[in-house]
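Down below is the structure, laid out as structure tokens.
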């Protein structure tokens with residue numbers, strides 16, 4: 001759910017565009033540098049953008065019976081880092097506005113700020129913190145994806161509260177209203193997205209381990225690589241090896 | 001066909017051969033009018049113009065256009081209602097609730113229709129090269145173009161895998177549905193990597209050094225279209241300001 005076209009007053013639309021711009025420009029620079037250094041990453045980054053778009057099209061079963069769509073930016077932030085997600089998220093929002101009539105052009109800045117900037121950074125922060133504290137990758141993925149989703153909706157609610165303050169209670173009253181309608185109802189869905197993340201990463205660990213190592217999500221472990229690489233010709237498996245990380249130290 | 005009805009409409013539209021710049025000027029002009037002019041009669045005029053142009057000369061299917069306009073309605077309705085509920089002194093409606101909610105819905109519907117006029121007449125692959133002229137870095141435009149082209153492949157994979165999962169009772173209970181969705185997301189991600197790698201190998205074999213160069217299709221700008229756009233937008237502004245000013 002993004003803020004629809006024409007919903008924000010002009011001053012707010014301009015203000016949020018200015019607020020999101022530095023993050024998106026920073027992301028664009030990061031992407032441009034990466035592509036200059038490594039031309040083939042154009043295709044991988046394009047694939048990441050397409051995956052983020054498609055992930056938001058996966059219907060998530062929800063407890064209340066209706067279904068909802070994940071925001072997908074938490075997974076992107078964990079896999080590709082928040083600066084890149086600031087750009088990819090904005091590209092995805094532009095596509096959603098023009099291909100799905102979801103969001104809008106004048107509200108692109110506000111939506112980019114909540115979904116491509118705040119969501120990924122909060123999610124990535126929660127992921128890194130949980131991983132450092134517990135050492136558990138899947139717990140960190142759950143925290144990262146659930147909080148990225150929730151932070152996006154909290155930001156959207158606050159943006160709406162700023163735009164439409166309550167006549168008597170002002171911003172605080174409006175924040176209570178919008179948080180109640182858009183963020184509180186999102187809590188079960190955020191938990192759902194966190195669970196989806198755990199299942200996604202569990203499947204990736206068993207099916208796409210080399211890619212996760214390349215992206216820096218998993219550390220390169222010699223004993224994980226060994227079974228795939230054939231033994232070099234001439235070395236007998238029985239010969240004692242000196243640099244083997246597996247058996248030599250035990 | 002592809003699952004994105006708006007994109008299908010854009011390729012089939014009678015305005016497909018018009019210059020993307022011309023259409024962007026018209027559509028963005030209407031978007032700004034919808035946002036900045038008073039809702040009566042500004043937004044009403046913008047909404048009617050956008051719908052009339054899309055269904056008339058651009059020949060966008062009414063079904064597609066109507067369905068796409070309706071999509072954001074849930075958000076617009078909930079958002080507009082929430083903004084006019086008052087909490088101070090027990091919950092109730094703000095004094096000018098109907099008027100304010102109506103104005104919000106009017107702005108949003110008119111703006112949405114104006115964006116859709118561009119979206120249903122111009123494929124993304126025509127719009128992205130135009131971003132280069134707005135000084136968006138070439139690398140970013142290329143990443144966005146690859147994203148657009150891979151979208152359809154991945155959406156098709158998504159539907160196929162989901163269909164297969166459903167046929168195998170993969171979505172019969174909430175628990176199974178969650179598991180299937182996780183596996184589905186992982187499969188789509190690994191497929192996207194696989195596709196990117198294969199594209200890369202194919203392009204490298206054809207001598208790609210830097211950048212994906214494609215021949216841009218030349219879609220010349222029409223002076224009559226531009227003149228009509230400027231005249232129409234001016235008329236909307238003048239009428240809105242005189243009628244809106246007289247009313248207020």
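The values are calculated or read from the model by the stated rules, or taken from the named source; none is laboratory data. Just so it is clear, the structure is predicted and the values come from calculations on it, not from any experiment. Please note: Cβ atoms are built from the backbone with ideal geometry, for glycine as well, and neighbour counts cover all protein chains shown.
Descriptive notes on the structure:
- Lone qualifier among A:69, A:12, A:2 - being farther than 30 Å from residue B:176 by Cα and more than 7 Å from chain B (Cβ to nearest Cβ): A:12
Residues are listed down the side, and each one gets a yes or a no for (1) surrounded by fewer than 15 Cβ atoms within 10 Å (Cβ to Cβ); (2) within 8 Å of chain B (Cβ to nearest Cβ); (3) at pLDDT 90 or above; (4) part of a helix (DSSP H, G or I):
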| site | (1), (2), (3), (4) |
| --- | --- |
| A:183 | no, no, no, yes |
| A:200 | no, yes, yes, yes |
| A:204 | no, yes, yes, yes |
| A:217 | no, no, no, no |
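- Wholly within region B:85-172, helices (runs of 4 or more DSSP H) carrying at least 1 residues that are farther than 20 Å from residue A:105 by Cα and more than 7 Å from chain A (Cβ to nearest Cβ): B:97-119, B:138-167
- Number of positions in region B:134-147 that are surrounded by fewer than 22 Cβ atoms within 10 Å (Cβ to Cβ) and in contact (Cβ under 8 Å) with a residue 24 or more places away in the chain: 2
- Every test in (1) in contact with a helix residue (DSSP H, G or I) (Cβ under 8 Å, 6 or more places away or on another chain); (2) modelled with pLDDT under 90 is passed by residue B:248 save one, and that test is (1).
Yes or no, residue by residue, for (1) closer than 30 Å to residue A:201 by Cβ; (2) not in a loop (DSSP other than H, G, I, E, B); (3) not assigned by TED's automatic domain parsing to the domain that holds residue B:143:
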| residue | (1), (2), (3) |
| --- | --- |
| B:187 | yes, yes, no |
| B:190 | yes, yes, no |
| B:195 | yes, yes, no |
| B:200 | yes, yes, no |
| B:213 | no, no, yes |
| B:225 | no, yes, yes |
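- Checked against (1) under 27 Å from residue B:131 (Cα atoms); (2) facing another protein chain (nearest Cβ under 7 Å); (3) at pLDDT 85 or above, residue B:197 passes all but condition (2).
- All of A:87, A:93 fail the test of being in a helix (DSSP H, G or I), touching a residue at least 12 places away in the same chain (Cβ under 8 Å), in contact with a helix residue (DSSP H, G or I) (Cβ under 9 Å, 6 or more places away or on another chain) and within 11 Å of another protein chain (Cβ to nearest Cβ), apart from A:87.
- Answer from B:212, B:151 - the residue that is surrounded by 12 or more Cβ atoms within 10 Å (Cβ to Cβ) and modelled with pLDDT of 90 or more: B:151
- Residue satisfying all of: in region A:21-55; more than 27 Å from residue B:203 (Cα to Cα) and surrounded by fewer than 18 Cβ atoms within 10 Å (Cβ to Cβ); farthest from the other protein chains (Cβ to nearest Cβ) among these: A:22
- Any chance residue B:100 is over 20 Å from residue B:9 (Cα atoms) and not assigned by TED's automatic domain parsing to the domain that holds residue B:21: no
- Of all residues making up region A:98-108, the number that are buried (at least 24 other Cβ atoms within 10 Å of the Cβ) and either within 17 Å of residue A:54 (Cβ to Cβ) or more than 7 Å from every other protein chain (Cβ to nearest Cβ) (or both): 4
- Yes/no for residue B:62 being in contact (Cβ under 8 Å) with a residue 40 or more places away in the chain and either more than 10 Å from every other protein chain (Cβ to nearest Cβ) or surrounded by 14 or more Cβ atoms within 10 Å (Cβ to Cβ) (or both): no
- Flag if residue A:174 is closer than 18 Å to residue A:19 by Cα, in contact with a helix residue (DSSP H, G or I) (Cβ under 8 Å, 6 or more places away or on another chain) and within 10 Å of chain B (Cβ to nearest Cβ): no
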